[in-house]
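A short worksheet on the structure shown next.
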Amino acid sequence: MIKCREIAFAALHPDPAQARTAALMLADIQGIVKTLAVSPTLLQVNYHVLHVSLEQIEEALVEVGFHLSSRLIYRVKRALFYYTEETQRANSGCPRGSGNCTQKIFINRYSSMDHGCRDHRPEHWRKYL
């Protein structure tokens, strides 16, 4: 069951092209078939609903720092999609929260950030002081 959904972002954000940035981040996630930035604030996502849900995708994007649009039409659509997808997943035997979408986004984000928590020594040298 492949779903095609649109994710709308808030216009006021330090990153003016949130859709393109989010598309690049979501490209390597298991279950996501295709991402396309339609406009700077609108992202089209095709994904397999048994692997990942829209709720998981959007929660992961918010956790990373993206701002979703809070217009009424988008909130109503979001609630409807969350409910129908959760029902489809439950009817197919896929338990709630069984995706690894959030973990992979955080892992990709962490590995791309410049921070002092990396140990550049080879694995066999890390045992020694």
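The values are calculated or read from the model by the stated rules, or taken from the named source; none is laboratory data. Bear in mind that the values here come from a model prediction, so they are computed numbers and not experimental data. No Cβ is skipped: glycine too gets one built from the backbone with ideal geometry, and neighbour counts run over all protein chains shown.
Against the numbered list (1) modelled with pLDDT under 90; (2) surrounded by fewer than 19 Cβ atoms within 10 Å (Cβ to Cβ), Gln44 comes up short only at (1). Working carefully through the options Glu85, Glu55, Glu63, find the one that is loosely packed, with under 14 Cβ neighbours inside 10 Å, touching a helix residue (DSSP H, G or I) at 6+ places or on another chain (Cβ under 8 Å) and modelled with pLDDT of 90 or more. Just one listed residue meets the conditions, Glu63.
Of the residues making up the stretch 58-72, those that are in a helix (DSSP H, G or I) and in contact with a strand residue (DSSP E or B) (Cβ under 9 Å, 6 or more places away or on another chain) are Glu58, Leu61, Val62. Gly31 meets the conditions (1) on the phi > 0 side of the Ramachandran plot; (2) surrounded by fewer than 16 Cβ atoms within 10 Å (Cβ to Cβ) in every case but one. The failed one is (2).
Only one of the numbered conditions (1) surrounded by 10 or more Cβ atoms within 10 Å (Cβ to Cβ); (2) at pLDDT 65 or above is violated by His120, and that is (1). Can we say Lys77 is assigned to a helix (DSSP H, G or I), surrounded by 12 or more Cβ atoms within 10 Å (Cβ to Cβ) and at pLDDT 90 or above? Spelling it out, Lys77 is indeed assigned to a helix (DSSP H, G or I), surrounded by 12 or more Cβ atoms within 10 Å (Cβ to Cβ) and at pLDDT 90 or above.
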